[in-house]
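Here's the structure we're looking at; comments come further down.
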């Protein structure tokens, strides 16, 4: 799809690609922020890019930090400036690189920084796409604070329905005086002035105890259900004793790695691979696996990956999967569909995929279409555990 901005027109694609290609790689919040920066800065904001930042471009410095640039829309539109992009999403960084390539743009001025890496310099302009998870925003602002100065301009954006009183309070607490713009096309800007001198330690990672599993889990900021084990995962864990023996098990979309860790307990000789596109997830899974297996040989591999696309292991015998049914604020089954298709390709003949899902998502239909079979191992009022076997 074509993204039209004050700095040019660009073709942008999402990752993973949807079947119909009907979801855009940007939203009205991206459009509003770029319009403000490039065309019509509000009265209380300095004329940012032309009067403040051009001097840094001339001397080769970096003055801009973009946080949570979903598919690279902001980075592509501002490609002429030296910038850093900080995100918890490997997929976001991959999509940004893809969109630079599609538009034949030089990415020499663009640096992607994973969320598990700390920033190492000061910035004059910080642009933030507000993440879905408030905990991730808290963590990012705490870690950002040492890298901004009194004159740093901090602008955040999101669709109005995703900006709550709690969002503004987080900016007030960790950055300083906060105000908002009027809504435009149901999007809004947040302006935060760095005048809060109080220093905060990020509350993440958090450590939780799961006594029923005799397990202590470390959860970084962007982990789903980071305060306790989610009920869907717990329900699948209850069924894992029924899994067939496997030489190589994959925890696909692993989150904090609890499924792979419990599977490893039940099959201690099996190799375990953990795959997730979230840097926070893989960091959590690594720490949790190390804690669980500190007195045992390391028999695990970890991949920040777009499903199996960056996986370098051999074909596998067993895949455990709790698929997400949303990507940021977009709800859909396109990620689950990608997981199921690539799982079918990655499994050896006779290998199985075990899936936990909400009953209403009807994953059994997709699995049966792909594998030619699907059975229900367990169910309750909310969830089903489905198993599909690769016949050939």
Stretchable slack from residue 173 to residue 121, in nm (0.36 nm times residue separation minus alpha-carbon distance): 16.5 nm
Distance from segment 108-144 to segment 288-312 (C-alpha centre basis), Å: 25
For the chain, calculated [θ]222 nm from helices alone, where every DSSP H run of n ≥ 4 adds -39500 (n - 2.57): -8000 deg cm²/dmol
Rounded Å value of the spacing that divides the Cα centres of segment 342-379 and segment 88-102: 29
Whole-Å distance, taken between Cα centres, linking segment 156-172 and segment 221-280: 33
Per-pair calculated FRET efficiency, R0 = 56 Å: residue 162 and residue 296 via Cβ, rounded to 0.05: 0.80
With Cα atoms, 0 to 90° folded angle of helix 334-346 axis to the chain main axis: 50
Point-to-point label distance, residue 132-residue 360, nm (Cα→Cβ direction, 7 Å offset): 1.6
Peptides ranked, highest mean first, by Cβ atoms within 10 Å: ranges 191-201, 345-355: 345-355, 191-201
Spin-label model distance (nm) - residue 269 vs residue 376, 7 Å beyond Cα toward Cβ: 3.5
Among [x] 246; [y] 151; [z] 183, the entry that matches volume of the Cα convex hull per residue in Å³ as calculated here: [y]
Antiparallel bridge percentage (DSSP; both residues within the chain; nearest 5): 45
Degrees, to the nearest 10: 28-38 long Cα axis against longest axis of the chain: 30
Helix 279-292 axis, angle to the chain major axis (alpha carbon atoms, nearest 10°): 40
Calculated FRET value between residue 185 and residue 207, using beta carbons and R₀ = 41 Å, to 0.05: 0.45
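Computed from the coordinates by the stated procedures, all read-outs in this text should not be read as laboratory data. From a predicted model like this one, the values you see are computed outputs, not experimental measurements. Glycine also receives a Cβ, built like all others from the backbone with ideal geometry; neighbour counts cover every protein chain displayed.
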